[in-house]
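The values are calculated or read from the model by the stated rules, or taken from the named source; none is laboratory data. Just so you know, these numbers come straight off a predicted model, no measurement behind them. Here Cβ is always computed from backbone atoms with ideal geometry, including for glycine, and neighbour counts include all displayed protein chains. Please note that ligands, DNA and RNA were not included when accessible areas were found on the heavy atoms of the full protein model with its side chains. Shrake-Rupley method; radii C 1.70, N 1.55, O 1.52, S 1.80 Å.
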Amino acid sequence: MVSNTMVIRSMDVDDLDAVMPIEVECFSVPWTREAYVQELTNNRFARYFVLEFEDKIVGYGGMWIVLDEVHITNIAVSPAFQGKKLGEAILAYMMDVAKSVKAMTMTLEVRVSNKPAQGLYRKLGFQDGGIRKQYYTDNQEDALVMWVKL
């Protein structure tokens, strides 16, 4: 996806120097660099993307495509660039990729307290599917499971 100031493309290992600071800024239990390396090099189900805004990586997203189901692993936008609809652009792009490989459904977990993210997901058609009790290891917060038919 390309606009005057935005490009979304596949993530590669060389992008991790830009991705990791965003990961640490956005998540209380960030993934390790090694986890991303494994995802990018050894997980045949994984697809990861970066969003460049004004020639700088400011966001990313990942998903696993297994048969006709897609699981969103993460979506993040640097706090300095939030509020510009970049998270929406990443998710919409990922949904288009999923549709292009004939996926039928997409799912994700989101903190029950993360109302802005839930609002974005609902805007793009996701619906509540259930609760995973004490899903998050940092504070045992529940996760809301959300689904969308593609």
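Some notes on this structure:
- Boolean, Tyr48 is surrounded by 19 or more Cβ atoms within 10 Å (Cβ to Cβ), at pLDDT 95 or above and within 24 Å of Ala143 (Cα to Cα): yes
- The listed residues are Lys85, Lys99, and the only one of them that is among the basic types (Lys, Arg) and at positive phi turns out to be Lys85.
- Residue within segment 20-30 that is in contact with a strand residue (DSSP E or B) (Cβ under 8 Å, 6 or more places away or on another chain), outside any strand (DSSP E or B) and within 27 Å of Lys149 (Cβ to Cβ) present: no
- Pick from segment 19-45, criterion of a type in the set (S, T, N, Q) and within 23 Å of Val70 (Cβ to Cβ), ranking: least open to solvent (accessible area, probe 1.4 Å): Asn43
- Residues (open to solvent by less than 50 Å² (accessible area, probe 1.4 Å), in contact with a helix residue (DSSP H, G or I) (Cβ under 7 Å, 6 or more places away or on another chain) and either closer than 15 Å to Val77 by Cβ or modelled with pLDDT under 95 (or both)) located in segment 1-18: Met6, Ile8, Met11
- Just one residue in the set Glu23, Glu34 is under 26 Å from Arg111 (Cβ atoms) and touching a Phe, Trp or Tyr at 6+ places or on another chain (Cβ under 7 Å); that residue is Glu23.
- Any hit, segment 62-77, residues being in contact with a Cys (Cβ under 8 Å, 6 or more places away or on another chain) and either in contact (Cβ under 8 Å) with a residue 12 or more places away in the chain or surrounded by 19 or more Cβ atoms within 10 Å (Cβ to Cβ) (or both): yes
- Taking the criterion of being open to solvent by less than 40 Å² (accessible area, probe 1.4 Å) and in a loop (DSSP other than H, G, I, E, B), the only residue of segment 97-123 that qualifies is Ala103.
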